[in-house]
There are 2 protein chains.
Amino acid sequence: MRALRNDRVLRALMRQPVDVTPIWLMRQAGRYLPEYRAVRQAAGDFMSLCRNPERACEVTLQPLARFDLDAAILFSDILTIPDALGLGLYFEEGEGPRFRKPLRSSADIEKLGVLDTARDLPYVVEAVRLIRRELNGAVPLIGFSGSPWTLATYMIEGGSSRDFVRTKQLLYSDPQLLHLLLDKLAVSVTDYLNAQIAAGAQVVQIFDTWGGALSAAAYREFSLDYMTRILAGLTREAEGRVVPTIVFTKGGSPWLDAIASSGCDAVGLDWCMDIGQAREQIGTRVALQGNLDPAVLRAPATVVVAEASRILRAFGTGSGHVFNLGHGISPDVPPDRVAALVEAVHSMSVK
Amino acid sequence: MRALRNDRVLRALMRQPVDVTPIWLMRQAGRYLPEYRAVRQAAGDFMSLCRNPERACEVTLQPLARFDLDAAILFSDILTIPDALGLGLYFEEGEGPRFRKPLRSSADIEKLGVLDTARDLPYVVEAVRLIRRELNGAVPLIGFSGSPWTLATYMIEGGSSRDFVRTKQLLYSDPQLLHLLLDKLAVSVTDYLNAQIAAGAQVVQIFDTWGGALSAAAYREFSLDYMTRILAGLTREAEGRVVPTIVFTKGGSPWLDAIASSGCDAVGLDWCMDIGQAREQIGTRVALQGNLDPAVLRAPATVVVAEASRILRAFGTGSGHVFNLGHGISPDVPPDRVAALVEAVHSMSVK
């Protein structure tokens with residue numbers, strides 16, 4: 001394997017010195033890029049694209065050809081796991097993800113299996129291998145998974161939700177049954193991330209998109225505890241380097257301290273908390289990733305630069321910051337704003 | 001005017017000793033009550049109910065007849081102000097609020113007037129007067145308004161929104177124009193709340209439902225600063241007592257300190273932050289209101305009691321806590337859970 005030519009992200013995640021603040025963007029391979037839309041159209045539906053390693057590799061690399069990004073992230077979806085566990089994922093145009101067989105009874109949860117990634121999701125493993133080969137050491141590759149809680153919400157609700165009525169009903173009325181589900185998912189996510197690491201992922205991120213819907217006590221018990229367990233079960237080193245871990249709970253600002261103590265190397269921030277205040281609160285225990293509001297990317301480039309500057313100044317000097325958005329890029333963002341952002345972050349953060 | 005027989009809410013909001021922790025619930029007069037649905041049906045649509053002082057009074061009092069609540073809250077909607085300013089509010093079944101004439105251009109914002117409550121919203125003033133008379137000193141009456149930022153999002157988006165694309169577009173691309181709008185709304189909200197106080201409201205709450213969608217810097221500049229200005233302009237005393245003020249920003253946990261310094265007497269908490277941690281952070285500068293996840297009210301009564309107990313213990317001894325939900329009651333909550341909650345909060349919090 002070629003030596004890594006740009007290891008800023010790995011270094012920043014481990015709080016080691018870097019020349020400039022590294023940047024990658026959640027959903028950097030996606031619909032805002034015309035070249036992505038072309039491949040997506042050729043692939044047919046979204047899951048066909050995810051399931052095709054060559055095409056997944058191709059779209060993973062697209063943003064790197066355009067922008068001076070410091071990492072690639074595996075193109076996939078957090079719902080591959082429930083799909084592989086038999087729930088039948090599909091996407092309805094403009095409706096988001098849906099499951100043909102959501103979990104509707106205790107029997108559904110009891111009979112649910114755990115993931116054997118090599119057997120159940122070979123296309124993801126193959127995509128990781130392919131992307132690493134094609135990257136050829138240019139930048140590190142980030143693997144990822146949804147958190148058990150976040151996966152559980154989709155599996156129970158049957159798709160996206162606003163209030164998580166069914167999932168919270170289970171949480172408050174039959175917590176042991178929910179724990180059984182989360183336990184299976186934690187085992188599955190651990191296997192999934194370790195398989196990605198074995199195939200070449202050099203960083204892994206856990207997306208806890210819906211942890212922020214919980215109360216403080218419920219967040220610890222039903223989301224953070226399972227992520228902590230996963231982190232403890234991950235392969236810590238590969239190819240002679242630490243594989244840094246990132247936990248991103250959208251809406252997780254109130255629990256920053258607890259997340260920073262989960263065993264992760266970095267905490268992903270949405271845009272609600274001032275990153276300077278976050279750094280003050282957690283010190284250098286973990287690195288921070290974030291935290292630009294994706295909405296800024298619809299504004300003129302001068303505003304993009306000013307808002308990026310605000311975040312860089314708030315974080316302050318020293319390493320331990322990976323610039324990112326506080327959530328994924330929206331499909332309607334003009335690609336030139338991303339170019340302006342990446343250039344600005346690098347040029348304004350020379351150490 | 002009869003002397004107030006139950007002033008726990010007023011006392012707790014001012015951090016004065018109380019015999020038990022007082023409780024009221026956001027949206028306590030609402031669809032979960034069959035007697036509400038009956039009046040609503042008789043009234044026709046939702047706004048006809050709001051616009052009819054007798055009916056608004058009737059539904060305001062309904063939950064007090066059932067439950068031992070410590071306050072009444074004016075039955076109305078936060079969108080009465082934009083409606084009175086000419087935007088034409090209507091409700092589509094299952095779709096939430098909509099405006100016939102949303103703000104679509106700078107001219108729309110420039111020509112927008114400011115509210116003269118006596119002239120533009122006499123039905124609200126009349127409802128407050130009527131409710132006070134009917135309450136006859138049983139419990140205090142809470143008046144309320146939406147925050148300028150929250151009102152602006154509806155006025156610009158034309159209704160509910162998930163990502164506030166248009167509003168954030170304006171915020172980042174033409175902030176001065178948004179400031180012009182927020183300025184007019186702050187003047188309007190001040191007049192509106194003072195008119196409610198003059199008519200008999202004994203507490204006022206500002207609902208900043210969508211402040212949590214903003215970045216830390218944008219929250220201060222586009223939401224909190226305007227609420228601070230409103231608070232400074234409110235009538236401080238009426239009928240020989242302080243009129244306590246509550247600021248509730250859903251998702252506002254990351255900014256608790258700043259909100260507590262806005263000049264309000266109490267901060268409303270959603271359910272994400274542990275109320276004990278919040279109290280530790282802000283001390284006794286302000287009272288805290290909250291913070292039960294409304295989803296708990298769908299669970300068995302034993303769970304409702306256990307979760308209420310957790311919050312009471314987390315807050316600890318002493319005054320300065322008004323028990324509430326972290327958001328409005330959902331329409332599908334069984335009323336007996338509310339009864340269990342109110343009873344539990346009172347019986348478990350004897351000082």
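Derivation of every value follows stated rules applied to the coordinates shown; laboratory data play no part. Everything numeric here is computed off the predicted structure, so don't read it as measured data. Cβ atoms come from the backbone with ideal geometry, glycine included; neighbour counts cover every protein chain shown.
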Rounding to the nearest 10 and keeping the result within 0 to 90°, find how far the Cα-based axis of helix B:53-66 lies from the longest principal axis of chain B. 30 degrees
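Only four residue types carry charge here, +1 at the Cβ of Lys and Arg and -1 at the Cβ of Asp and Glu. Report the dipole size of chain B about the Cα centre in Debye, rounded to the nearest 20. List each step's numbers first, then the result.
Values: 37 positive and 39 negative charges, 77 e Å.
Roughly 380 debye for chain B.
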If you put a point 7 Å past Cα along the Cβ direction, how far is that point for B:VAL165 from the same point in each other copy, in nm, smallest first? 2.7
What list of ³J(HN,Hα) couplings, whole Hz, do you get for the stretch B:171-179 from phi and the Karplus terms 6.51, -1.76, 1.60, once you set θ to phi - 60° and write x for glycine and proline? 4, 8, 9, 8, x, 5, 5, 5, 4
Could you work out how far the C-alpha centroid of the stretch A:23-60 sits from that of the stretch B:37-82, in angstrom? 50 Å
Under the rule of at least 5 residues apart or a separate chain, name every residue whose amide H is placed under 5 Å from the amide H of A:PHE144. A:GLN205
Whole-angstrom gap from the stretch A:113-187 to the stretch B:301-321, using each part's C-alpha centre: 34 Å
Using a label point 7 angstrom from Cα along Cα-to-C-beta, what distances in nm, from shortest up, separate A:ARG133 from the other copies? 8.4
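Given contacts defined as C-alpha pairs under 8 Å and at least six residues apart, what's the relative contact order of the stretch A:24-283, whole-number percent?
Rounded, it is 16 percent for the stretch A:24-283.
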For chain B, the charge dipole (Cβ of Lys, Arg +1; Cβ of Asp, Glu -1; about the Cα centre) points to a positive end, and the Cα of B:SER262, B:MET348, B:SER223 closest to that extreme belongs to B:MET348
Compute the angle between helix A:301-315 and the longest alpha-carbon principal axis of chain A, please, reported from 0 to 90 degrees and rounded to the nearest 10. 80 degrees
Other-copy label distances relative to A:VAL242, 7 angstrom Cα-Cβ extension, nm: 5.0
With θ taken as phi - 60° and the coefficients 6.51, -1.76 and 1.60, list the Karplus ³J(HN,Hα) couplings across the stretch B:128-140 in order, rounded to whole Hz; mark glycine and proline as x. 4, 4, 5, 5, 4, 5, 5, 5, 6, x, 5, 9, x
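Nearest-5 percent of antiparallel DSSP beta bridges in the protein assembly as shown? Spell out each step's value before the answer.
Numbers: 14 of 62 bridges.
Around 25 percent antiparallel, to the nearest 5.
Can you sort A:VAL9, B:VAL342, A:VAL286 from fewest to most other Cβ atoms within 10 Å of each residue's own Cβ?
Numbers: A:VAL9 30, B:VAL342 22, A:VAL286 26.
In increasing order of surrounding Cβ atoms, one gets B:VAL342, A:VAL286, A:VAL9.
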I'd like the orientation of helix B:335-348 relative to chain B: the angle between its Cα long axis and the longest Cα principal axis, in ° from 0 to 90, rounded to 10. 60 degrees
Measuring from a point 7 Å past the Cα of B:LYS111 along Cα-to-C-beta, which residues in the stretch B:68-101 have an amide N at less than 16 Å? B:85-88, B:100-101
Can you show me the helix-derived [θ] at 222 nm for chain B, built from DSSP H runs with n ≥ 4 at -39,500 (n - 2.57) apiece and divided by the number of residues, rounded to the nearest 500. -13000 deg cm²/dmol
Taking H placed 1.01 Å from N in the peptide plane, check which residues at least 5 places from A:ASN291 or on another chain put their amide H under 5 Å from its amide H. A:ASN324
Based on the Cβ-Cβ distance from B:ASP68 to A:GLN169, what FRET efficiency comes out when R0 is 25 Å, to the nearest 0.05? 0.40
By count of other Cβ within 10 Å, fewest leading, how are A:HIS346, B:HIS327 ordered? A:HIS346, B:HIS327
Do you know the Lys pair count in chain A for C-alpha distances under 22 Å, with sequence separation 8 or more or different chains? 7
Using θ = phi - 60° and the Karplus relation 6.51 cos²θ - 1.76 cosθ + 1.60, list the HN-Hα couplings for the stretch B:9-24 in order, rounded to whole Hz, with x at every Gly or Pro. 4, 4, 5, 4, 5, 9, 6, 9, x, 9, 6, 9, 5, x, 9, 9
Quick one: which residues, 5+ away or cross-chain, put their amide H under 5 Å from the amide H of B:THR249? H built at 1.01 Å from N. B:ASP208, B:GLY268
